[in-house]
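For reference, the structure is listed below as C-alpha cells.
The values are calculated or read from the model by the stated rules, or taken from the named source; none is laboratory data. Values in this document were obtained by computation on a predicted structure and should not be read as measured data. FYI the Cβ positions are ideal-geometry reconstructions off the backbone, even for glycines, and counts take in every protein chain you see.
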Amino acid sequence: MTVPNIPVTPGANQIRTVERRSNMVFEKNVDIPLADGGLCRCNVYRPLEDGRYPVIMTMGPYGKDVPYAQFHVKSFAEIPDEQKGDLSAWETPHPDYWVSQGYVVVRVDERGVGSSPGFLDTMSASTSSDFAECVEWAADQEWSTGKIGLLGISYYGGTQWRVAARKPKGLTCIIPWEGMTDYYRDRVRQGGIFSNQFVQFWFNNQVGPMQYGNAEKTIRRWGPKAPTGEPVGPDCIEGTIPREQLLELRRDQTIDNREHRYLDEPYHSSRVYNLGDIEVPVLSVANLGGNTLHLRGNVMGYLEAGTKNKWLWFISGRHDLPFYLPHYVELQKSFLDAWLKDEDSRGWTKGPNVDIPAVNVLVRKGNPGFNSNEAEATFSNRPEQSWPIERTSYEKFHLHPDLSMHRDEPAKESNTLKLAALGKTDPLQFKVKVDKDTEIAGHPLANLVVGVEERADGTAPTDLDLFVTLRHFDAEGKEIFYTGTAGDPVPLVKGWLRASMRKVDESSPRHRHYLPHRNYLSTDVSMLQPNTPYELQVEIWPTCVVVEAGSSIVFEVATGDTQGCGIFLHHEPTDRSEEVFDGTNVLYFGAEHQNYLQLPIV
C-alpha cells in the first residue's frame, strides 16, 4: 500500500542525496523498488574507491537516520570511539568502521517507517518478503560483489532468521546477535501469557513515532521514564499524513497481541516460518542475561537452522554494549571476512568442530557484580562440540512442602501449599545447597502439580499462570545477580506457562525430553476444574552457571512477575482477568503428585 495523495515513483530516487566524505561515499534515501510497486528507502555507505565490495545489511523500523547519540545518550557515550560517529544508529553496525574494513553498509527503513512509504506491519511475512527483495537488490548493484551478510542486534538480529529462511539470491551468511527466532514463544506470549509491557513500550516508543508521514516524528529516548527527544527532521520528506490515516496504514502490535492469543489464528500463523530452511552459515550470539526476550531464540535458532555451518556463542553483559567491544567486533569481522571475502583467519569455512568448536560456552562462576565490563571479564569461555553438551546428566530435584529440594527423593506424604493468583502473594521458594562445585548448563525443566480452589461464593477460577525463576545464592546467603538487558540485576533464568495451554505435542520433531513442545493452538485450550490437580511441565529458558560448593539454588514458583523482569511484564488485565484467574492456586504433594526441578548437570 502506498501513502495516499503523495506521488511516489519507485526507483526514481526522487529524494536521494550523495555526500562525499573524507572516508566514504554516503548515499542517503536510495530507492529499492519492490515487486508489488512499493519501495523501501535505504542509506548506502561505501568506500571512496570505485569497485565491488561485499555488503553488510540491516532493515528495521527505528528510522535509519535517527542518531544513536540522541536515541540513547548514556549508551552511546560508553561505546568505544572507533565504533561510533554521527552516522551511528541504535543496534546496527557502525558505517565508518565497516567501510574502513572494505565493506559497503546498507541500512534500510522497512516499509511504512522513516523514509519508506507504505503499510507498517513489523515482523510480518510481508516485511520479510520485502527484506528478501532488498537483499537481492543489493546483490545486483554495481558496487556489490553479490555477497550479502547480515549483522545487527535485537530486531536487526531477529529479522535475519526470517529472511534467511526465504533464501534470497546473494545472502551469504548471518550473525543474529541477540535475535529471537519465534515471535510468539520468545517475545509476545511466553508460555501463552501476553508479555504486554515490553510490547507496549517498544511499539509506542520506538516504532510508532517513526511511522512514515508522522508529523510529530521524534526520538523517544530509551527508558520507561525517559524524556521525548528533539524532532527528527524533516518530519516527512514528501509531506505529512493525518493521524486517522496513519492508524489505517499500520498494524499496532499492542492491539494485535492482546486480541490474538493462538498460533492457529491468521495473525500469528502468518509469522511462522521454518528455521530448517536456512542454508547459509550462521553465527548465533546468545546473551545469558537476556532471559526475558532473545536468549531462547538464539539457542533454538542454532538447534533448528538447516545449515551444516552453524555456531552458538554465549556472551554476557548489557544488551547494547558487547556488540561494539573490540574482541566481539573481531569475532564478527572474522566470520564476515571468511564467508564474504574468502579471507578465513580462524577456520570458519572448514565447518564446526574443525578449527572452531560449534559451541562457545560462557562459564559464569563467582559473584563479580553486574553491569560492568570488569564483571563480565571474570567469566571464561570454554569450547564445546554441541548443545546441549553431550555429557549432560538430567537430574531431578524434588520439591517438598517444607520448601526444601532433594535430589532423587520425592515427597511421599500428601500435602498442599497455596498461592493467591495474579501475583497477589509472595512466591514459594524451594532451596537446595550443593556440597561441591556444580555446573548447570542447558535447559532446565519444572514439573508441577497444580490446581485451583473453588471460591467462597461457589464460583471458581478456570485458569492459572505459572511464573518460575531460578536464583543463585552464595555460601553467605546473598543472591548473585547477573547483568540484564538494560543493565539491571537479573536472576539466572525464568520460565512461564498458562495452565489452559498445557498440552504438549510429543509427536512434534521439535519436542525434546528436556524441552516440551507446545503448538499453542486454540483447539489445545483446556480450562481447569476446581479442586482438581493437573500436572504441568514448565519450559525454563536455557542457562549456564557454576554453583560453587556451599552455595544454593532457589527455585521460585509464583503466579505473577517477580524480581528480574524489568519492563518485560505480563499484567494486561484482559489477558489475566479477575474473573478467569482470581482466587487460590494450589500446589499438590504426595506419592501421586511429583513436583520437581530437572537440572542439566555437566
Taking Tyr184 as the residue in question, decide whether it is more than 23 Å from Tyr324 (Cβ to Cβ), assigned to a helix (DSSP H, G or I), touching a residue at least 24 places away in the same chain (Cβ under 8 Å) and not charged (D, E, K, R). yes
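Is at least one residue of the range 396-419 of a type in the set (Gly, Ala, Ser), without any contact (Cβ under 8 Å) to a residue 60 or more places away in the chain and in contact with a strand residue (DSSP E or B) (Cβ under 7 Å, 6 or more places away or on another chain)?
First, pick out the residues of the range 396-419 that are of a type in the set (Gly, Ala, Ser): 404, 411, 414.
With without any contact (Cβ under 8 Å) to a residue 60 or more places away in the chain added as a condition, the list becomes 404.
The next check asks that each one be in contact with a strand residue (DSSP E or B) (Cβ under 7 Å, 6 or more places away or on another chain); those that pass are 404.
Yes, the range 396-419 contains at least one residue that is of a type in the set (Gly, Ala, Ser), without any contact (Cβ under 8 Å) to a residue 60 or more places away in the chain and in contact with a strand residue (DSSP E or B) (Cβ under 7 Å, 6 or more places away or on another chain).
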Output for Cβ contacts, cut-off 6 Å, separation at least six or different chains, first residue in contact (Cβ under 8 Å) with a residue 40 or more places away in the chain in the range 128-143, second of a type in the set (A, V, I, L, M) and assigned to a helix (DSSP H, G or I), reads Ser128/Val163; Phe131/Val163
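Please go through the range 387-403 and give me each residue that is of a type in the set (Ser, Thr, Tyr) and surrounded by 16 or more Cβ atoms within 10 Å (Cβ to Cβ), ordered by number. Break it down stepwise before answering.
As a first pass, look at the range 387-403 and keep what is of a type in the set (Ser, Thr, Tyr): 392-394.
Selection gives Thr392 alone.
Got a sec? Which of Asp65, Asp109 is of a type in the set (D, E, K, R), modelled with pLDDT of 95 or more and assigned by TED's automatic domain parsing to the domain that holds Gly157? Walk me through how you get there before you give the answer.
Working: Asp65 fails: modelled with pLDDT of 95 or more.
So the residue among Asp65, Asp109 that is of a type in the set (D, E, K, R), modelled with pLDDT of 95 or more and assigned by TED's automatic domain parsing to the domain that holds Gly157 is Asp109.
Please state which one of Asp50, Asp31 is in a strand (DSSP E or B), surrounded by fewer than 22 Cβ atoms within 10 Å (Cβ to Cβ), acidic (Asp, Glu) and in the same structural domain as Gly158 (by TED's automatic domain parsing).
On the way: Asp50 fails: in a strand (DSSP E or B).
That would be Asp31, the only listed residue that is in a strand (DSSP E or B), surrounded by fewer than 22 Cβ atoms within 10 Å (Cβ to Cβ), acidic (Asp, Glu) and in the same structural domain as Gly158 (by TED's automatic domain parsing).
If I ask for residues that are among the hydrophobic types (A, V, I, L, M, F, W, C) and crowded, with 22+ Cβ neighbours inside 10 Å, which ones from the range 314-324 would you list?
Going residue by residue through the range 314-324, those that are among the hydrophobic types (A, V, I, L, M, F, W, C) are 314-315, 321, 323.
Within the range 314-324, Phe314, Ile315, Phe323 meet the criteria.
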Looking at (1) farther than 19 Å from Tyr262 by Cα; (2) at pLDDT 95 or above; (3) in contact with a Gly (Cβ under 9 Å, 6 or more places away or on another chain), which is the one condition that is false for Arg518? (1)
Answer yes or no as to whether Thr562 is farther than 16 Å from Arg471 by Cα, in the same structural domain as Lys412 (by TED's automatic domain parsing) and either charged (D, E, K, R) or touching a strand residue (DSSP E or B) at 6+ places or on another chain (Cβ under 9 Å) (or both). no
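Within the range 489-504, which residues are β-branched (Val, Ile, Thr) and either within 21 Å of Thr292 (Cβ to Cβ) or crowded, with 24+ Cβ neighbours inside 10 Å (or both)? Walk me through how you get there before you give the answer.
Quick first cut of the range 489-504, residues β-branched (Val, Ile, Thr) only: 490, 493, 504.
Val490, Val493 - these are the residues of the range 489-504 that are β-branched (Val, Ile, Thr) and either within 21 Å of Thr292 (Cβ to Cβ) or crowded, with 24+ Cβ neighbours inside 10 Å (or both).
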Checking the conditions here, which among Glu91, Glu142, Glu136, Glu82 is surrounded by fewer than 21 Cβ atoms within 10 Å (Cβ to Cβ), assigned by TED's automatic domain parsing to the domain that holds Trp339 and part of a loop (DSSP other than H, G, I, E, B)? Glu142
Can you confirm whether the range 113-129 contains a residue that is farther than 21 Å from Pro209 by Cα, buried (at least 24 other Cβ atoms within 10 Å of the Cβ), out of contact with any Lys or Arg (no Cβ under 6 Å at 6 or more places or on another chain) and not small (Gly, Ala, Ser)? no
Considering the range 506-532 alone, what residues qualify as being touching a helix residue (DSSP H, G or I) at 6+ places or on another chain (Cβ under 8 Å) and among the small types (Gly, Ala, Ser)? Ser526
Go through the range 325-358 and give me each residue that's touching an Asp or Glu at 6+ places or on another chain (Cβ under 9 Å) and crowded, with 20+ Cβ neighbours inside 10 Å. Val329, Asp337, Ala338, Trp348
Would you mind finding the one in Thr562, Thr574, Thr523 that is within 21 Å of Arg189 (Cβ to Cβ), in a helix (DSSP H, G or I) and in contact (Cβ under 8 Å) with a residue 60 or more places away in the chain? Thr523
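Every residue, every condition in (1) closer than 30 Å to Met300 by Cβ; (2) in contact with a Pro (Cβ under 9 Å, 6 or more places away or on another chain), yes or no:
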{"site": "Asp408", "(1), (2)": "yes, no"}
{"site": "Lys412", "(1), (2)": "no, no"}
{"site": "Lys418", "(1), (2)": "no, no"}
{"site": "Pro427", "(1), (2)": "yes, no"}
{"site": "Lys433", "(1), (2)": "no, no"}
{"site": "Ile440", "(1), (2)": "yes, yes"}
{"site": "Asn447", "(1), (2)": "yes, no"}
{"site": "Val452", "(1), (2)": "no, yes"}
{"site": "Ala456", "(1), (2)": "no, no"}
Looking only at the range 393-405, count every residue that is more than 22 Å from Trp541 (Cα to Cα) and either modelled with pLDDT under 95 or outside any loop (DSSP other than H, G, I, E, B) (or both) and tell me the total. 1
Can you tell which of Asn43, Asn13, Asn23 is farther than 18 Å from Gly213 by Cβ and free of Cβ contacts under 8 Å to residues at least 24 places away in the same chain? Asn13
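For the range 394-435, how many residues are of a type in the set (D, E, K, R) and out of contact with any Gly (no Cβ under 9 Å at 6 or more places or on another chain)?
First pass over the range 394-435, keeping only residues of a type in the set (D, E, K, R): 395-396, 402, 407-409, 412-413, 418, 424, 426, 431, 433, 435.
Next cut, out of contact with any Gly (no Cβ under 9 Å at 6 or more places or on another chain) only: 395-396, 402, 407-409, 418, 426, 431.
Count: 9.
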Exactly one condition in (1) closer than 30 Å to Ala358 by Cα; (2) modelled with pLDDT under 95; (3) not aromatic (Phe, Trp, Tyr) is false for Glu390; which is it? (2)
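Name the residue that is nearest to Gly149 (Cα to Cα), counting only residues in the range 284-311 that are within 15 Å of the chain's Cα centre (by Cα) and of a type in the set (A, V, I, L, M, F, W, C). Please lay out each step first, then the result.
Quick first cut of the range 284-311, residues within 15 Å of the chain's Cα centre (by Cα) only: 284-302.
Of the ones still in play, those that are also of a type in the set (A, V, I, L, M, F, W, C) are 285-286, 288, 293, 295, 299-300.
Numbers: Val285: 15, Ala286: 19, Leu288: 25, Leu293: 24, Leu295: 22, Val299: 20, Met300: 21 Å.
Out of the qualifying residues, it is Val285.
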For the range 259-292, which residues satisfy the criterion of being among the hydrophobic types (A, V, I, L, M, F, W, C) and crowded, with 24+ Cβ neighbours inside 10 Å? Ile278, Val282, Leu283, Val285, Ala286, Leu288
Test for Pro530: is it free of Cβ contacts under 8 Å to residues at least 12 places away in the same chain and in a loop (DSSP other than H, G, I, E, B): no
